[in-house]
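These notes are about the structure you will find just below.
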Amino acid sequence: MSAPAVVVTGLGMITPAGGDAESTWKGVCAGISTARPLPELAGLPIDFACTVDGDLAGAVGGRAAYRMGRFTLLGLLAAVEAVADAGHDPATWDGTRVAVVVGTSSGGTASLTEQAALYERRGPGATSPQGVLLTIPNMPAAEIAIRMHATGPSMAPCTACSSGVTALSVARDLLASGACDVAVAGATESLVFPLVMQAFATSGAGARTDGDPAQACRPFAPDRSGLVVGEGAAIMVLEREDDARARGARCRARLAGFGASTDAHHPTRPHPSGRIAEVAARSALREAGWTPEEVQHVNAHGTSTVLNDATEAALIARLYPHRPPVTAPKGVLGHCMGASGAIEAGLTVLSLEHGLVPPVANLDAPDPAFAIDCVTKTTRRVDLRRAVSHSFGFGGHNAVVALERD
C-alpha cells in the first residue's frame, strides 16, 4: 500500500527580508542583500550579518516570552503565522493528533555564551534562572507545542544546515504512519553574536569585505569569497492530502519526495565529487516518481563559499543537464544555518505558487566553470509544477525535498 500524499496547508516565515512569508518572498524577489554592519560586532574581522528587525518578545507577548531564547521566539512567531495560514484554530483542534517537529543547528548557543560571560564577570548569582530554557535546542518545539496545545509527538532534529528539510521529512513520516493528523514542522536559528562571527572568520568560511557588506554574499559568482551569517525561521503546517481537501483547506504544495545521504568525508568540506549529495537528490526524485528532466527549478544551497558552490554546481549540471533555472536565496538572506533548509523549501513553495524564480543577489553571471542557469538581476517567470530544494550541512548531512503543485 502506498503512503498517503502529504501537502503544505500553511506557511510562516520570519527572516531578515521580512516578518512574514509574504514580505520575505517580496524581499527575495527583489534580489537585494539584507546584510549590514551591526554595532554589537564592531571591531571583529566580520562585523556584518543579516538579521531580523523588530521586538520579537513584544510580538510574542506575555511573560512567557522572557523565558525564550531568540531562536525560540523566531520559531514561535513563524509557527503562529503558519497555523493561521492553514486555517486551524489550536483552541478547537484535537491536540493529541498534532505533532511538532522543529529543527535547529545550534539552539541557544548565543544565550549560553551570554550566561557564561555573566558567570565569569559577576558570579553565579548573575545568571538567569531561565538559563537552561534559553539554551536547549528542543525549546522551539516545546514552546510551539505549549502555544498550540499540541500534545502529539514533538521533536527537534539536528542535521546542521539541513535541519529544516530533515524536520519536514520526519513530520511527513509521522503523518504517513498515522501518528498524527497535523504536523507543525520546520526550523529556526539565531547565531549572530560575536563568538560565532569570530569562529567563521577564523575558519575562513565567512566572507569579509572592506566595502559594502550587501555585496559580500555572491552565490555561484567567480569571485565568491564566503558565507554571510543570517538568522530566521520557517514553519509549515503539513497534512495528509485527503484530510486537507476534506476540510476544504488550500493545498499550497505537495511534498512529493525526500532524500538524504551523508558524505562521511570531512566535518566541513563537502565530498569533492558531489556524488554522495547526488544520492540524496536522486532518492528524492525516485520517491517523487520523477525523472531528473522533469525538474523545472532548483533552489540551491548556494552558500557563496568556494568549495560548496563548486560541488553543488557540478551536481546540478550532471543531474539536471536540461539546465532548469537555479536560485540561491542566501544572497539576500544570508546563511540562516539550521533554518536555511526550511526557509528555502518555503520559498520553493512560493515559487511554485507564483510561477516565479527569484534572482541570485549580487550575481551577474555564474562562474564560467559552472554549467548551470542561474537567474540573475530580476525574477524569471516559469510555468512551474515540479521543483527541488537542496540542503547540505556541516558533518556531510545532505537533504533534498521535491515539491509539486497540482
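Inspect all residues belonging to segment 79-90 and state whether any of them is at pLDDT 95 or above, touching a helix residue (DSSP H, G or I) at 6+ places or on another chain (Cβ under 6 Å) and assigned by TED's automatic domain parsing to the domain that holds A179. There is at least one residue in segment 79-90 that is at pLDDT 95 or above, touching a helix residue (DSSP H, G or I) at 6+ places or on another chain (Cβ under 6 Å) and assigned by TED's automatic domain parsing to the domain that holds A179. Of the residues making up segment 167-196, those that are of a type in the set (S, T, Y) and under 24 Å from H88 (Cα atoms) are S169, S177, T188.
For segment 176-188, give me the residue count where each residue is in contact with a strand residue (DSSP E or B) (Cβ under 8 Å, 6 or more places away or on another chain), surrounded by fewer than 22 Cβ atoms within 10 Å (Cβ to Cβ) and either assigned by TED's automatic domain parsing to the domain that holds A361 or not in a helix (DSSP H, G or I) (or both). Don't jump to the end; show me each part of the working.
Narrowing segment 176-188 to residues in contact with a strand residue (DSSP E or B) (Cβ under 8 Å, 6 or more places away or on another chain): 176, 179-188.
Next cut, surrounded by fewer than 22 Cβ atoms within 10 Å (Cβ to Cβ) only: 176, 179, 181.
Remaining after also requiring either assigned by TED's automatic domain parsing to the domain that holds A361 or not in a helix (DSSP H, G or I) (or both): 179, 181.
Here the count works out to 2.
When residues in segment 240-284 are screened for being more than 24 Å from G186 (Cβ to Cβ) and polar (S, T, N, Q), 2 of them pass. For segment 54-64, filtering for residues that are exposed (fewer than 15 other Cβ atoms within 10 Å of the Cβ) and either assigned to a loop (DSSP other than H, G, I, E, B) or not small (G, A, S) (or both) leaves 5. Under the condition of being surrounded by fewer than 18 Cβ atoms within 10 Å (Cβ to Cβ) and either hydrophobic (A, V, I, L, M, F, W, C) or within 16 Å of the chain's Cα centre (by Cα) (or both), the residues counted in segment 219-259 number 2.
With (1) farther than 21 Å from P37 by Cβ; (2) in a loop (DSSP other than H, G, I, E, B) as the list, and L191 as the residue in question, which single condition is left unmet? Failing condition for L191: (1).
Residues are listed down the side, and each one gets a yes or a no for (1) surrounded by fewer than 23 Cβ atoms within 10 Å (Cβ to Cβ); (2) of a type in the set (D, E); (3) not in a loop (DSSP other than H, G, I, E, B):
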{"site": "Y66", "(1), (2), (3)": "yes, no, yes"}
{"site": "L73", "(1), (2), (3)": "no, no, yes"}
{"site": "L77", "(1), (2), (3)": "no, no, yes"}
{"site": "A82", "(1), (2), (3)": "no, no, yes"}
{"site": "H88", "(1), (2), (3)": "yes, no, no"}
{"site": "W93", "(1), (2), (3)": "yes, no, no"}
{"site": "A99", "(1), (2), (3)": "no, no, yes"}
{"site": "G107", "(1), (2), (3)": "no, no, no"}
{"site": "A110", "(1), (2), (3)": "yes, no, yes"}
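The residue that is surrounded by the most Cβ atoms within 10 Å (Cβ to Cβ), counting only those in segment 1-30 that are without any contact (Cβ under 8 Å) to a residue 40 or more places away in the chain and more than 17 Å from G331 (Cα to Cα), is E22.
Please verify whether A280 is in the same structural domain as H397 (by TED's automatic domain parsing), touching a residue at least 40 places away in the same chain (Cβ under 8 Å) and more than 21 Å from the chain's Cα centre (by Cα), treating the condition exactly as stated. No: the conditions fail for A280.
Exactly one residue out of G123, G164 is in the same structural domain as S106 (by TED's automatic domain parsing), under 18 Å from L76 (Cα atoms) and not aliphatic (A, V, I, L, M), and it is G164. Checking the structure you have, find out if any residue of segment 20-39 is assigned by TED's automatic domain parsing to the domain that holds G125 and more than 27 Å from V360 (Cα to Cα). Yes: one or more hits.
Within segment 307-322, not a single residue is over 22 Å from P366 (Cα atoms) and outside the structural domain of K26 (by TED's automatic domain parsing). Evaluate segment 125-137: report whether one residue or more is surrounded by 21 or more Cβ atoms within 10 Å (Cβ to Cβ) and either free of Cβ contacts under 8 Å to residues at least 24 places away in the same chain or under 25 Å from T262 (Cα atoms) (or both). Within segment 125-137, one or more residues are surrounded by 21 or more Cβ atoms within 10 Å (Cβ to Cβ) and either free of Cβ contacts under 8 Å to residues at least 24 places away in the same chain or under 25 Å from T262 (Cα atoms) (or both). Scanning segment 36-60 for residues that are hydrophobic (A, V, I, L, M, F, W, C) and closer than 29 Å to E143 by Cβ returns L38, L41, A49, C50, V52, L56, A57, A59, V60. Taking strands (runs of 3 or more DSSP E) as the structural unit, those lying wholly within segment 287-406 and holding at least 2 residues that are at pLDDT 95 or above, farther than 25 Å from R208 by Cα and under 18 Å from the mean Cα position of the chain (by Cα) correspond to 386-393, 397-404.
The values are calculated or read from the model by the stated rules, or taken from the named source; none is laboratory data. Note that the structure is a prediction, hence the values are computed from the model and not measured. Glycine gets a Cβ as well: all are built from the backbone with ideal geometry, and neighbour counts include every protein chain shown.
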